[in-house]
Amino acid sequence: MTIQGRIAAPQVEKDMRAFLKKQGLSLKTLNLGDALTAMSQFRATAAAYPVLNPCGDGLAFDAHLGTKDRGTRFEIAINRLLRLPPEDEGASRWPAIRLWLRLQYKMDMTVIQYLSRHSTYGVGQSFVTWSPSDHEEFAQQIKGSDAFVTFRGVAPTEVRLSADFWEYRRHNPTPDPLAEPWWGIFDVV
């Protein structure tokens, strides 16, 4: 926790790492199915964070080409999205934390064939839920997606976990992931 009871991004990451360890899971051996289950269980069983209510604690799934670091890689991200109460309710951008679990895959024929079936960056393979009551539908969407079906049996080249401070437009906190990039899905503000 930080001043005024706010949670800090490093604490959320630390909590997730402790959760994985307690479950006997390692980032080095995590596959797509285990990653989805772990992030879902972490959201359901972890101590509640001080977020906006309702719809302040979400999960997002996204399959895309990532170019942020280490060159171009195909990655599937499962993000926990925490919308924090603002210090200034009149501000146009409000604070958030993104816990980012990224499964990265080498550019091989599986990735190339997947990308050839989808538009640039894999748009259309993104899902989000802000309500625990919608979680089962969210999980079924993911498990039925081409991204999940294609990569569930493929070992990722690398799995990375990080948490970072983020901001979102308060007037559009939950846009449609199929229609536009936003703070919880793509690495673009």
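Can you tell me which residue is surrounded by the most Cβ atoms within 10 Å (Cβ to Cβ) among those in segment 24-50 that are outside any helix (DSSP H, G or I) and modelled with pLDDT under 95? Full working, then the answer.
The initial filter retains those residues of segment 24-50 that are outside any helix (DSSP H, G or I), namely 24-26, 30-31, 46-50.
Filter once more, keeping what is modelled with pLDDT under 95: 46-50.
Working: Ala46: 15, Ala47: 6, Ala48: 8, Tyr49: 17, Pro50: 14.
Residue satisfying both the conditions and the ranking: Tyr49.
I'd like the full set of residues that are surrounded by fewer than 14 Cβ atoms within 10 Å (Cβ to Cβ), in a loop (DSSP other than H, G, I, E, B) and either of a type in the set (A, V, I, L, M, F, W, C) or in contact with a Phe, Trp or Tyr (Cβ under 9 Å, 6 or more places away or on another chain) (or both), limited to segment 133-168.
Within segment 133-168, just Ala155 meets the criteria.
Take segment 24-52 and flag every residue that is in contact with a Pro (Cβ under 9 Å, 6 or more places away or on another chain) and of a type outside the set (Gly, Ala, Ser).
In the first step, residues of segment 24-52 are kept if they are in contact with a Pro (Cβ under 9 Å, 6 or more places away or on another chain); the result is 30-32, 35, 43-44, 50-52.
Result: Leu30, Asn31, Leu32, Arg43, Pro50, Val51, Leu52.
Which residue is surrounded by the most Cβ atoms within 10 Å (Cβ to Cβ), if the candidates are limited to segment 65-89 and must be of a type in the set (Val, Ile, Thr) and modelled with pLDDT under 90? Write out each step before concluding.
Within segment 65-89, the subset of a type in the set (Val, Ile, Thr) is 67, 72, 76, 78.
Imposing the further condition that a residue be modelled with pLDDT under 90 reduces the set to 67, 72.
Details: Thr67: 12, Thr72: 10.
Going through the qualifying residues, I end up with Thr67.
For segment 51-64: of the residues being over 16 Å from Ala77 (Cα atoms) and among the hydrophobic types (A, V, I, L, M, F, W, C), which is surrounded by the fewest Cβ atoms within 10 Å (Cβ to Cβ)? Don't jump to the end; show me each part of the working.
To start, the set of residues in segment 51-64 that are over 16 Å from Ala77 (Cα atoms) comprises 51-57.
The next check asks that each one be among the hydrophobic types (A, V, I, L, M, F, W, C); those that pass are 51-52, 55.
Values: Val51: 18, Leu52: 17, Cys55: 14.
Ranking the qualifying residues of segment 51-64, first place goes to Cys55.
Can you give me the number of residues within segment 1-49 that are in contact with a strand residue (DSSP E or B) (Cβ under 9 Å, 6 or more places away or on another chain) and not small (Gly, Ala, Ser)?
Summing the residues that are in contact with a strand residue (DSSP E or B) (Cβ under 9 Å, 6 or more places away or on another chain) and not small (Gly, Ala, Ser) in segment 1-49 gives 22.
Does Tyr121 satisfy the condition of being more than 26 Å from Ile7 (Cα to Cα), modelled with pLDDT of 80 or more and over 14 Å from the mean Cα position of the chain (by Cα)? Don't jump to the end; show me each part of the working.
Numbers: more than 26 Å from Ile7 (Cα to Cα): yes; modelled with pLDDT of 80 or more: no; over 14 Å from the mean Cα position of the chain (by Cα): yes.
So Tyr121 does not fit the description; no.
For a quick check of your reading of the model, give me the residue pairs whose first member lies in segment 112-136 and is charged (D, E, K, R), whose second is surrounded by fewer than 18 Cβ atoms within 10 Å (Cβ to Cβ) and at pLDDT 80 or above, with beta-carbon atoms closer than 8 Å and at least 6 apart or on different chains.
Within 8 Å, the pairs are Arg117/Asp146.
The values are calculated or read from the model by the stated rules, or taken from the named source; none is laboratory data. Everything numeric here is computed off the predicted structure, so don't read it as measured data. Cβ sites come from the backbone with ideal geometry, for glycine too, and all protein chains shown count toward neighbours.
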